[in-house]
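Inspection log for the structure reproduced underneath, given as structure tokens.
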Amino acid sequence: MDHEYRLLIGFILALLLTACRVAPSDSLESVDPQAVSQPTSTGVIPTPRGRDSDARRVDVRLTLPKRVRVGETVPMSIQVTNPTSHPIRFGVVGNGQAFDLIVSTPDEREIWSRMHGRGIPLNLQYRILAPGEVFEFSDEWEQLNNWGESVSTGTYYVRGVLPSDDTEDLKTEPESLTLIP
């Protein structure tokens, strides 16, 4: 599923870049490969040459409660922060609506995905993150699996995925969530 999702996002971005006829100075190909940091769990955002080329890294974190009673709604959010002293140009697919929150069992079996059964909007939106600015993507989980069935008590793992204009999606580290009676 993850591979198919990446292919779909890549195809969509290619269509968007072709349709928009992006100027060479704004294209992703103008990124200096020597200046781009190596990807980490926090993700890397390429910035076109000449636009704060030393400010590449954003912090990507998932916030959610550690313990929740069965049947209660679970608030979750992906927070993207610019930890640098320079503005960073940040591209998001789907106008900020295409982010995913994925709940899995300890053996990594996906039981719920926010994007399960949803289409991905075909647009790319750029935002400028000022130094220290936080951009947040939030939703709630109703403790139902992808088929609408209630889940049971136990420990689950949640991760956030944010399609971006980078070659790889931004992903959060998995966070544990325990459902208690």
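The values are calculated or read from the model by the stated rules, or taken from the named source; none is laboratory data. Please read these numbers as outputs of a predicted model, since none were measured by experiment. Counting neighbours? That spans all protein chains shown, and the Cβs are built from the backbone with ideal geometry, glycine included.
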Exercise. How many of the residues making up the range 134-156 are of a type in the set (F, W, Y), within 17 Å of P75 (Cβ to Cβ) and at pLDDT 95 or above?
Worked result: 2
Exercise. Could you say whether any residue in the range 154-165 is farther than 19 Å from D59 by Cβ and part of a loop (DSSP other than H, G, I, E, B)?
Worked result: no
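Could you tell me which of the residues G71, G132, G119 is free of Cβ contacts under 8 Å to residues at least 24 places away in the same chain and either β-branched (V, I, T) or in a loop (DSSP other than H, G, I, E, B) (or both)?
G119
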Exercise. With (1) at pLDDT below 95; (2) β-branched (V, I, T); (3) crowded, with 18+ Cβ neighbours inside 10 Å as the list, and T40 as the residue in question, which single condition is left unmet?
Worked result: (3)
Exercise. Of the residues in the range 65-105, how many are surrounded by fewer than 15 Cβ atoms within 10 Å (Cβ to Cβ) and of a type in the set (A, V, I, L, M, F, W, C)?
Worked result: 1
Exercise. Consider E108 against the criteria (1) under 16 Å from the mean Cα position of the chain (by Cα); (2) surrounded by fewer than 14 Cβ atoms within 10 Å (Cβ to Cβ): it satisfies all of them except one. Which criterion is unmet?
Worked result: (1)
Problem set entry | When residues of the range 79-109 are limited to those that are in a strand (DSSP E or B), free of Cβ contacts under 8 Å to residues at least 60 places away in the same chain and not hydrophobic (A, V, I, L, M, F, W, C), the one nearest to L177 (Cα to Cα) | Q79
Problem set entry | Criterion violated by E168 - all others in (1) in a loop (DSSP other than H, G, I, E, B); (2) more than 13 Å from the chain's Cα centre (by Cα) satisfied | (2)
Exercise. Take the residues of the range 43-64 that are modelled with pLDDT of 95 or more and farther than 20 Å from E168 by Cβ: which is surrounded by the most Cβ atoms within 10 Å (Cβ to Cβ)?
Worked result: L64
For this session: Mind listing whichever residues of the range 68-85 are aliphatic (A, V, I, L, M) and farther than 19 Å from L101 by Cβ?
Result: none
